[in-house]
Structure formats: C-alpha cells, structure tokens
Amino acid sequence: MDYKDYYSTLGVKKGASKDEIKKAYRKLARKYHPDVNPDDEAAAKKFKEISEAYEVLGTEENRKLYDQLGSDWKKYKQSGGQSGDFNWQQWAKNQGARNRQHAHSQTAEDFFGGGDFSDFFEQIFGGGINRGQFRQRRTRGGAEFHEHPFGYETRSVSQKGKDIHADLEISLEEAYKGTEKSVRVNRNQMKVKIPKGIHSGRRLKLKERGHPGSHGGEPGELYITVNVKTHDVFTREDDNLHTTVDVGLYQAILGGVIDVPTMTGSVKIKVPPESQPGKIMRIAGYGMPVFQSENRKGDLFVTLQVVLPEKLTEKEKKLFRELAELRDEKADRS
C-alpha cells in the first residue's frame, strides 16, 4: 500500500492552518460532490480521496498522528519493511481496538456507504475510527438533512429545477389584440396568454413551469421569447405603424378623400391639394397598443405614393400639353 500525501490531496502545505485546510476541503468538496457530478465515477473517487484527507488533517489528534507516523510509514515502505523498530502490525491492532470502543459513532463505511477508504488510512487510523456525531438541521424549505461535523452535507439538499427556454411566433394581428397560444413543453401542452402590444423579442416568464426540482425543490421557470412575424401591409416602429397608400394624380393635385387600411379596418382621410409624392400623413391613435398600458396606442403614419395615369386618350394628352404650356408661360413671367 502506498503512502498517502493528504496535504497534496487537499492542495495545501504541511504547515497550513486549520482554517486553510477547511477552506481547501470545502472548495474541493463542492467541486467533486456526487450531487454536482451524477454518474461520474472519477469525481466520486476524487470526493472520497479529499474526504479521507480531511478526516485526517481536519482534526488536531488525527493530524498529529499522521504527521508523526506518515513519513515513517513511507520510509518503512521504501526500505522493504525491514528497517526501523516500529511495529506497524501491532500498532494497527491496538489502534483498531481503541477505535472500536466508539461503536456508537459513525464509521467510514457509514459515511461513504461501503468501506472505500484506502488501506493506508485503515492501517494508520483503524477501521473503527470515530467519525464524530452527525447533527441535524433544516434547510430553507424545511427539509431535514444531516451535516458532517466538518461542515459539508452528506445527504442531498433540495435544488430548484432548471429553467426552460422556448420560442413562440405570432402574427401582428395577434400582437395587436392579444391572444392565447398553446405551447408544448416537456411533452405537455399548456396555454400561454400573450398580452396585447407585445414587441418582438419580448420574453415572458411563467413561474414554476420549468423542469421539476430535485429532492423536494421547487420547479424552474419557463421563459418564452415571442417573435412577431412581418406584415404585408404594415411595418412597426416601437408602438407606431407605417403603411404606404396609392393616390391618383388628380387626387394629389386637386385634393380628395382616400381609404387607408388600419388594424381594425379602413378609415377615410382627406388628402390636401398639391400633395407631393412621398408625403407622410399621421393618423393619431391608430398604431399598436402600448404594452401593459391601458387605452394607449401609437400612431399610424401613411406615406402617399402618387400613381400616374396610363393609356391616355388623345384628348387627355392634348389637355396635358396645354397644361405644360401654361406652366412654361408662368415660369417665363416669374
């Protein structure tokens, strides 16, 4: 059996203080604990090694014994077991008998579930080493667990379940009115209420709809990212909507009334005389509902697109030529 350098196992120097040893142990225990590394045999083995090292170095009596005999053991091993006057076999026998007097306390097998300490540990400290009384306390959720006297839990504590993230696509009309959609999560269908006025990329939180917790822990959350599809008629900018409407040449020149589409149907607006192509007209209150704000809406901005007439008759062409001549005469006088 090989000499076990417990200081090296915990990553501390031989002269390390008790607090330094405890800090190093807790850091490694959190990293390699079976609850953190399920089904990881290498991590489980490492956890047992550092626990064995701390069992020795974490108490003054054990550490003193180890410091006195550990190096001698190494020398005895290297010399082939023939030099030195220390009777290891007799010492181990006596040590084991002394430790068995503490039968009421937890043994190494009790703590790790099956005698997994190294032969070196058993020879020096005996199979019946006093593990110390385990004490009981409660977690925040009220679940009971046992705590090792060195400060690390030996039974799993409750843990909150992992969050779930999902995407949901809706139409602009659904974003305008608000809707309720079905979402499939963990093989279950659930209804999700989508507030009106929601923006694309907005994330909704459904409390305790994520993965189940472990050891009595509460479920995680469900986060749904909403994506609003593009629309054929309207484009959205914050809470405002934009659209383009065709206007005849005569309406643009002389003025008139045109129909404009909105999210709730068409409305009529007046086009001022001599409106230029690209003119933007604002219709207040016909945009998107303001998210989580009752009775507030953005505006609708309408861009006029002047459409020129086609297939003109000879009479129409004559009238346009006359109009052009009149415009030229006006330009000459100015």
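The values are calculated or read from the model by the stated rules, or taken from the named source; none is laboratory data. All values derive from a computational prediction rather than experimental measurement. Note: ideal-geometry Cβ built from the backbone for every residue, glycine included; neighbour counts use all protein chains shown. Please note that ligands, DNA and RNA were not included when accessible areas were found on the heavy atoms of the full protein model with its side chains. Shrake-Rupley method; radii C 1.70, N 1.55, O 1.52, S 1.80 Å.
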Within the stretch 283-321, track down each residue that is of a type outside the set (Ser, Thr, Tyr), over 22 Å from residue 271 (Cα atoms), at pLDDT 90 or above and exposed (fewer than 10 other Cβ atoms within 10 Å of the Cβ). 311, 314, 315
For the stretch 21-34, check the following and say yes or no: at least one residue is on the phi > 0 side of the Ramachandran plot and more than 26 Å from the chain's Cα centre (by Cα). no
Being touching a residue at least 40 places away in the same chain (Cβ under 8 Å) and in a loop (DSSP other than H, G, I, E, B) is the filter here; which residues of the stretch 231-252 pass it? 231, 234, 238, 239
Hits in the stretch 197-214 (condition: of a type outside the set (Lys, Arg), exposed (fewer than 15 other Cβ atoms within 10 Å of the Cβ) and over 14 Å from residue 162 (Cβ atoms)): 199, 201
Whichever residue in the stretch 176-189 is out of contact with any Lys or Arg (no Cβ under 7 Å at 6 or more places or on another chain) and modelled with pLDDT of 90 or more and, among such residues, is least open to solvent (accessible area, probe 1.4 Å): 179
Hits in the stretch 7-26 (condition: part of a helix (DSSP H, G or I) and surrounded by 13 or more Cβ atoms within 10 Å (Cβ to Cβ)): 7, 9, 10, 20, 21, 22, 23, 24, 25, 26
Among the residues of the stretch 297-334, how many are assigned to a strand (DSSP E or B) and of a type in the set (A, V, I, L, M)? 5
May I ask you to say which residue of 37, 62 is part of a loop (DSSP other than H, G, I, E, B) and polar (S, T, N, Q)? 37
When you go through (1) farther than 26 Å from residue 176 by Cα; (2) modelled with pLDDT of 95 or more; (3) not small (Gly, Ala, Ser) one by one for residue 219, which number turns out not to apply? (2)
Residue pairs qualifying under the 8 Å Cβ cut-off, at least six apart or on distinct chains, with the first in the stretch 1-23 being basic (Lys, Arg) and the second being at pLDDT below 90 and open to solvent by 70 Å² or more (accessible area, probe 1.4 Å), are 18/60
Somewhere in the stretch 220-233, is a residue within 20 Å of the chain's Cα centre (by Cα), open to solvent by less than 60 Å² (accessible area, probe 1.4 Å) and more than 27 Å from residue 171 (Cβ to Cβ)? yes
Taking the criterion of being among the hydrophobic types (A, V, I, L, M, F, W, C), without any contact (Cβ under 8 Å) to a residue 40 or more places away in the chain, in contact with a helix residue (DSSP H, G or I) (Cβ under 8 Å, 6 or more places away or on another chain) and open to solvent by 30 Å² or more (accessible area, probe 1.4 Å), would at least one residue in the stretch 260-275 satisfy it? no
Complete set of residues in the stretch 19-36 that are at pLDDT below 90 and either over 17 Å from residue 48 (Cα atoms) or in contact with a Gly (Cβ under 7 Å, 6 or more places away or on another chain) (or both): none
Of all residues in the stretch 237-259 being out of contact with any Gly (no Cβ under 8 Å at 6 or more places or on another chain) and within 12 Å of residue 301 (Cα to Cα), which is surrounded by the fewest Cβ atoms within 10 Å (Cβ to Cβ)? 237
Can you tell me which residues in the stretch 277-299 are more than 38 Å from the chain's Cα centre (by Cα) and among the hydrophobic types (A, V, I, L, M, F, W, C)? 280, 281, 283, 284
